[in-house]
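The values are calculated or read from the model by the stated rules, or taken from the named source; none is laboratory data. What you see is a predicted model, and the numbers here were worked out from it, not measured in a lab. Cβ: placed from backbone, ideal geometry, glycine included. Neighbour counts: every protein chain shown. All accessible areas refer to the heavy atoms of the entire protein, side chains included, with ligands and DNA or RNA removed. Shrake-Rupley method; radii C 1.70, N 1.55, O 1.52, S 1.80 Å.
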Amino acid sequence: MILSVIQNLGQKGLDFFQRLGRGHLLFVQILAGIPGLIPRFGLVIQQVFSVGVLSMVIIVVSGLFVGMVLGLQGYNTLVDFGAEESLGVVVSLSLVRELGPVVTALLFAGRAGSALTAEIGLMKATEQLSAMEMMAVDPVRRVLAPRFLAGFISMPLLAAIFSAVGVLGGYFVGVGLLGVDEGSYWSQMQAKVDLYNDIYNGVIKSLVFGIVVTWIALFEGSDAIPTSEGVSRATTRTVVHSSLAVLGLDFILTALMFGA
Amino acid sequence: MMTPANPHVVEVRQMRFVRGKRMIFDGVDLDIQRGKITAIMGPSGTGKTTLLRLIGGQLRPDAGSIMVEGQQVDKLGHTALYQLRKRMGMLFQNGALLTDMNVFDNVAFPLREHTKLPEALIRDLVLMKLHAVGLRGAWQLMPSELSGGMSRRVALARAIALDPMIMMYDEPFTGQDPISMGVLVRLIRQLNDALGLTSVIVSHDIAETRSIADYIYLLSNGKVVAHGTSDELDRSESEWAQQFLKGLSDGPVPFHYPAEDYRRDMLAGENVVVSNR
Ligand SMILES: Nc1ncnc2c1ncn2[C@@H]1O[C@H](COP(=O)(O)OP(=O)(O)OP(=O)(O)O)[C@@H](O)[C@H]1O
Ligand SMILES: [Mg+2]
């Protein structure tokens, strides 16, 4: 009984490290495939469309609501100190530094990451990847690398859109409904949001999230057990693991950027 | 033209392959002769598809060697292996068409990946290949709109798009009506003879396969149990060959996947865990 528990644990541990190893190997292979995409950038553009552009709707709608909530919450807190003029700063800093990159990455994992895993997993299950190999076309270079690059490119753009729409949402609520002065909403924002400290750091975050989420999604897809059940489990794992990875990495990155 | 030094395009020697605990191949020796059609036959689940994957370098044998055109496939590096695969065509058992492209783009896929031909020429080549399998009119259908037999014919057109040296067909005849079956049989023969290909056919369809195969290997239980031309096999003493070619249920070939004794399994009732759910 105890022996079998230990054995089970050992097996789980081994499986985990094997998967970790395969994941890193795949990452290196994908990176090695990226230079080959330069002459065939059309493949990447096509993927930016299906990974990025098709995530736009959910990003814009979520960004708007998050910005509106920030406007409301921020106003209620600031008004106690008579500082509601600074609403623009609160909204924009929360978005650019934190919520923009993080919420975008979470939504991206759910919208694009799961779709990537399911697509790759099904291609594996229906032997399309195998067939490509036999046609002397390396599926890592032809299928995975363009999708990876597309995720890397799309994430910061989506996060920027999210933040911009969020700032507008805060404006509608703060200035439009609650009567904050329009001039100070924008001018305080302009004065306090720093290009290097805030915007660049936010962009770095979303680049890191883009790499991690896309990598997890592609790995789960290509490592899925080639059956419908295997693919559905891999899809779930993509969403769970990449969301956790985003939140964990966000803490680490925030500590490094704004900690000391 | 290259002068073929070796009459065998593929040479398999003492090859062993294990999957989990199951020995799929246990010391297989097999030669594929240049310019001939070689059939590999055997009961379902003996590892015919696995053998094609081993020849294509997608799986590696646990022992022994597999030489293709004088190169040991399991020892080749990534680049050399992909170079070799450009000269191999493989028809997958289920077609394995790329589902995000239509029929035309599927057949054009290897041409676009490996050549820099102008689009007009690619168009002509693709339509020619599709015409050969009788599906020129279906060029704009998506794979989801094809029947199983049609998918396999499109996959055949795709496999021959690059004019390979070796064609491997995994069950080309299943799911074909008598007319397309006849066309396929003739097509495989024509391709082989006109283009100087070497063909390997994996199949259960005894009549069709025997009608075109120049040489036949019968596999069972991880071993080659008989080989020879169709006539030689007819005259062979091997009970095994006789049973398989005549399709008798009684004989040395097991119909069942290796299992516990049937009566014991049935009587054991609740004491035996049949499924681990
Ligand atoms: N991915 C796999 N993992 C473990 N075992 C496998 C796997 N694929 C196939 N097998 C086993 O290998 C054996 C050979 O399979 P293979 O697909 O080569 O058979 P086959 O001769 O092509 O059969 P069929 O005529 O039905 O297509 C089968 O018994 C199967 O159980
Ligand atoms: Mg098979």
Yes/no for B:G35 being at positive phi, out of contact with any helix residue (DSSP H, G or I) (no Cβ under 6 Å at 6 or more places or on another chain) and not aliphatic (A, V, I, L, M): yes
Contacts under 7 angstrom Cβ, first residue in region B:165-185 being at negative phi, partner more than 16 Å from ligand 1 (Cβ to nearest atom) and open to solvent by 60 Å² or more (accessible area, probe 1.4 Å), 6 or more apart: B:M165/B:R87; B:I166/B:R87; B:V185/B:S211
Every pair of residues 6+ apart whose Cβ atoms lie under 6 Å, when the first sits in region A:112-132 and is at the interface with another protein chain (Cβ under 9 Å from one of its Cβ atoms) while the second is open to solvent by less than 20 Å² (accessible area, probe 1.4 Å) and not in a helix (DSSP H, G or I): A:E127/B:F92; A:E127/B:A96; A:Q128/B:A96; A:Q128/B:L98; A:A131/B:F92; A:A131/B:A96
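Each row is one residue, and each column tells you yes or no for (1) within 16 Å of ligand 2 (Cβ to nearest atom); (2) under 14 Å from the mean Cα position of the chain (by Cα); (3) modelled with pLDDT of 85 or more.
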| residue | (1), (2), (3) |
| --- | --- |
| B:A132 | no, no, yes |
| B:P143 | no, no, yes |
| B:L146 | no, no, yes |
| B:R152 | yes, yes, yes |
| B:D163 | no, no, yes |
| B:I166 | no, yes, yes |
| B:P172 | yes, yes, yes |
| B:G175 | yes, no, no |
Condition check for B:L91: within 22 Å of B:A159 (Cα to Cα), crowded, with 17+ Cβ neighbours inside 10 Å, under 19 Å from the mean Cα position of the chain (by Cα) and more than 8 Å from every other protein chain (Cβ to nearest Cβ): yes
Members of region B:29-50 that are within 16 Å of ligand 2 (Cβ to nearest atom) and either more than 14 Å from chain A (Cβ to nearest Cβ) or more than 18 Å from B:S203 (Cα to Cα) (or both): B:A39, B:I40, B:M41, B:G42, B:P43, B:S44, B:G45, B:T46, B:G47, B:K48
Test: B:A155 is hydrophobic (A, V, I, L, M, F, W, C) and away from chain A (no Cβ under 14 Å): no
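Just to be sure, is A:S62 more than 14 Å from chain B (Cβ to nearest Cβ), small (G, A, S) and open to solvent by 10 Å² or more (accessible area, probe 1.4 Å)? Break it down into steps so the answer makes sense when it comes.
Values: more than 14 Å from chain B (Cβ to nearest Cβ): yes; small (G, A, S): yes; open to solvent by 10 Å² or more (accessible area, probe 1.4 Å): yes.
Considered against the rule, which asks whether it is more than 14 Å from chain B (Cβ to nearest Cβ), small (G, A, S) and open to solvent by 10 Å² or more (accessible area, probe 1.4 Å), A:S62 comes out as yes.
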Pairs, first in contact (Cβ under 8 Å) with a residue 24 or more places away in the chain and open to solvent by less than 10 Å² (accessible area, probe 1.4 Å) in region B:29-52, second within 16 Å of ligand 2 (Cβ to nearest atom) and among the basic types (K, R), C-beta under 8 Å, six or more apart: B:I40/B:K48; B:M41/B:K48; B:G42/B:K48
One residue from A:V213, A:V239, A:V231 being closer than 15 Å to A:G113 by Cβ, touching a residue at least 60 places away in the same chain (Cβ under 8 Å) and open to solvent by 20 Å² or more (accessible area, probe 1.4 Å): A:V239
